[in-house]
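Here the structure is laid out as structure tokens; the discussion comes afterwards.
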Amino acid sequence: MSEDIRLTKLQLDALVEVGNIGMGHAATALSRMINKKVEMTVPYINLLPVERLPEIFGNVESLVAGVYMEIEGDANGKVLLLFPRESALHLADLLMGREIGATKVLSEIDQEALKEVGNILLGNHLTALHQFTGLNMRQSIPKLAFDMIGALMDFLIIELSKVSAEALVIETQLLEPTNKIKGYFIFLLDPDSPAKILAALGVGGDP
Amino acid sequence: MTTETALLVARGLGSCVAIGLWDPLSHAGGLSHVLLPSIEMSVFRDSPHKFADRSVPLMVRELRRKGAPVERLVAKIVGGAQMFNPKGLSHGGVLRIGERNVTAVREQLAAVGVPIVGEDVGGTVGRTVAFSTSDGSMTITTIESPPRIL
């Protein structure tokens with residue numbers, strides 16, 4: 001039942017490029033939503049042991065707002081959009097038109113606004129992916145939780161550990177420089193999905 | 001697993017369950033951090049303490065070797081939360097793993113006859129646990145309430 005993920009350099013580059021295009025669209029959409037400049041890093045693709053997943057963010061007890069969404073269709077996966085505590089509060093302020101720093105605790109409406117950010121980021125990402133690859137993917141409704149990062153991520157590790165010892169993680173950082181709002185967009189592809197995306201890109205096949 | 005006075009810690013538990021076993025007489029104790037009910041459910045099997053069905057018997061055996069027979073052991077269990085609401089998700093079942101972990105841990109402890117003398121399980125909040133082998137106490141920290149001692 002184990003499915004090892006083996007990819008060539010070319011294939012990894014292709015996935016990064018797809019992530020780059022998807023995130024570019026997503027960042028533009030976020031920029032329009034908050035009417036601020038949004039920068040992004042080049043997606044960082046990492047094939048790492050499933051159990052080390054939370055460590056990519058350092059301290060497992062760091063407080064974050066996490067928006068979780070599932071992707072289904074021609075390729076499957078899960079997305080976790082993480083905002084460190086301060087960033088989540090500041091982003092809520094921006095979205096709700098309040099002074100930065102006004103929010104100390106996320107209200108129901110703030111939470112809905114952050115979920116909407118998740119919706120729009122992933123929606124734009126998937127639309128770009130579709131234009132680029134022809135693959136059709138649907139996104140679930142977003143779910144939000146605010147807690148320790150380790151606690152938010154352990155079910156993902158559990159789920160992944162059932163099918164693969166390694167996780168293919170595509171991580172992109174978003175940054176709104178004026179207020180130093182940071183977000184981490186984490187794309188976890190199901191083990192059989194990289195092959196489907198690569199085939200659609202014309203770089204499929206075993207290494 | 002230790003007979004020395006120690007503070008054993010499991011940080012950032014969501015759906016995972018921490019099992020603390022302790023012998024009040026010798027003060028030998030152990031804490032494991034369980035991910036899944038059974039090792040059969042996982043593809044990586046090199047860490048038996050990540051699975052309820054392996055971790056409980058293994059801890060019992062190791063504590064017996066350290067002079068703490070199973071008859072004297074007591075257990076405290078913490079964790080098994082559901083961090084995101086699964087409603088409306090087609091794969092929402094993956095979010096309910098916490099509940100299944102708690103059930104599996106209870107079954108495993110019952111099978112070896114170790115009573116659960118304290119628990120803080122379920123809910124929707126993450127937990128950090130510090131287990132003291134000097135007095136068998138568990139201190140539970142969450143973002144929502146002040147530390148709680150079990």
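The values are calculated or read from the model by the stated rules, or taken from the named source; none is laboratory data. It should be emphasised that the depicted structure is a prediction, and the values quoted were computed from it without experimental measurement. Note that each Cβ is placed from the backbone with ideal geometry, even for glycine, and that neighbours are counted across all protein chains shown.
The set of residues in the stretch B:75-90 that are in a loop (DSSP other than H, G, I, E, B) and aliphatic (A, V, I, L, M) comprises B:Ala81, B:Met83, B:Leu89.
Residue-level check: of (1) among the hydroxyl-bearing types (Ser, Thr, Tyr); (2) within 14 Å of chain A (Cβ to nearest Cβ); (3) under 15 Å from B:Leu21 (Cβ atoms), B:Ser38 misses just (3). Taken as a whole, the stretch A:89-97 holds no residue that is under 21 Å from A:Leu12 (Cβ atoms) and not aliphatic (A, V, I, L, M).
B:Arg106 passes every criterion in (1) basic (Lys, Arg); (2) away from chain A (no Cβ under 14 Å); (3) crowded, with 20+ Cβ neighbours inside 10 Å apart from (3). Evaluating A:Leu126 against the criteria (1) modelled with pLDDT of 85 or more; (2) facing another protein chain (nearest Cβ under 10 Å); (3) assigned to a helix (DSSP H, G or I) leaves one unmet condition, (2).
Could you figure out which of (1) in contact (Cβ under 8 Å) with a residue 12 or more places away in the chain; (2) within 30 Å of A:Glu112 (Cα to Cα); (3) touching a strand residue (DSSP E or B) at 6+ places or on another chain (Cβ under 8 Å) isn't true of B:Arg100? Failing condition for B:Arg100: (3).
What do you reckon, is A:Asp154 in contact with a Cys (Cβ under 7 Å, 6 or more places away or on another chain) and over 17 Å from A:Gly22 (Cα atoms)? Spelling it out, A:Asp154 is indeed in contact with a Cys (Cβ under 7 Å, 6 or more places away or on another chain) and over 17 Å from A:Gly22 (Cα atoms). Annotation: of all residues in the stretch B:31-77 being of a type in the set (Val, Ile, Thr) and modelled with pLDDT of 95 or more, the one that is nearest to B:Glu119 (Cα to Cα) is B:Ile77. For B:Val114, the requirement of being in contact with a strand residue (DSSP E or B) (Cβ under 6 Å, 6 or more places away or on another chain) and either within 14 Å of chain A (Cβ to nearest Cβ) or assigned to a loop (DSSP other than H, G, I, E, B) (or both) is met.
Beta carbons closer than 6 Å, at least 6 apart along the sequence or on distinct chains, never pair a first residue in the stretch A:106-123 that is β-branched (Val, Ile, Thr) with a second that is part of a loop (DSSP other than H, G, I, E, B) and surrounded by 15 or more Cβ atoms within 10 Å (Cβ to Cβ).
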